[in-house]
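Asker: One structure is given below, represented as structure tokens, and several questions about it will come after.
The values are calculated or read from the model by the stated rules, or taken from the named source; none is laboratory data. Because the structure is predicted, anything quoted here is derived from the model rather than measured. Glycine also receives a Cβ, built like all others from the backbone with ideal geometry; neighbour counts cover every protein chain displayed. Note: accessible area is taken over every heavy atom of the protein model, side chains too, but ligands, DNA and RNA are not part of it. Shrake-Rupley method; radii C 1.70, N 1.55, O 1.52, S 1.80 Å.
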Amino acid sequence: MTDGAGGAGAARIDAAAPRGRPVFATFGDSGSLAVDDARHPVGLVFAGGCRQVLLNPIDDILASFQMTIDDGQMPPPPPCQ
């Protein structure tokens with residue numbers, strides 16, 4: 001990743017604070033996957049406390065690493081020999 005000026009560094013990922021939800025994460029939960037009611041990934045917890053949880057949106061994270069999430073439609077790979 002670059003810092004936007006061509007140098008090495010961390011990419012900026014905007015945070016989201018889920019609204020209308022009770023606090024579902026707390027201290028020590030950073031890095032946990034947050035899902036919606038349908039169990040679809042929505043973000044990774046990076047900060048949480050007594051009143052608010054902040055997430056890095058999953059779409060931003062996946063784009064940063066040029067990754068996708070398996071939708072479960074492909075069969076699993078064969079077992080290792």
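Yes/no matrix, rows are residues, columns are (1) open to solvent by less than 100 Å² (accessible area, probe 1.4 Å); (2) modelled with pLDDT of 85 or more; (3) polar (S, T, N, Q):
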| position | (1), (2), (3) |
| --- | --- |
| Gly43 | yes, yes, no |
| Ile61 | yes, yes, no |
| Met67 | no, yes, no |
| Asp71 | no, no, no |
| Met74 | no, no, no |
| Gln81 | no, no, yes |
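Asker: Also, quick follow-up: Conditions: (1) modelled with pLDDT of 80 or more; (2) more than 8 Å from the chain's Cα centre (by Cα); (3) open to solvent by less than 90 Å² (accessible area, probe 1.4 Å). Arg39 meets all but one. Number of the miss?
Answerer: Here Arg39 meets the rest and fails (3).
Asker: Arg21 fails exactly one of the following numbered conditions: (1) modelled with pLDDT of 75 or more; (2) open to solvent by 50 Å² or more (accessible area, probe 1.4 Å); (3) out of contact with any helix residue (DSSP H, G or I) (no Cβ under 7 Å at 6 or more places or on another chain); (4) of a type outside the set (Asp, Glu). What is the number of that condition?
Answerer: (1)
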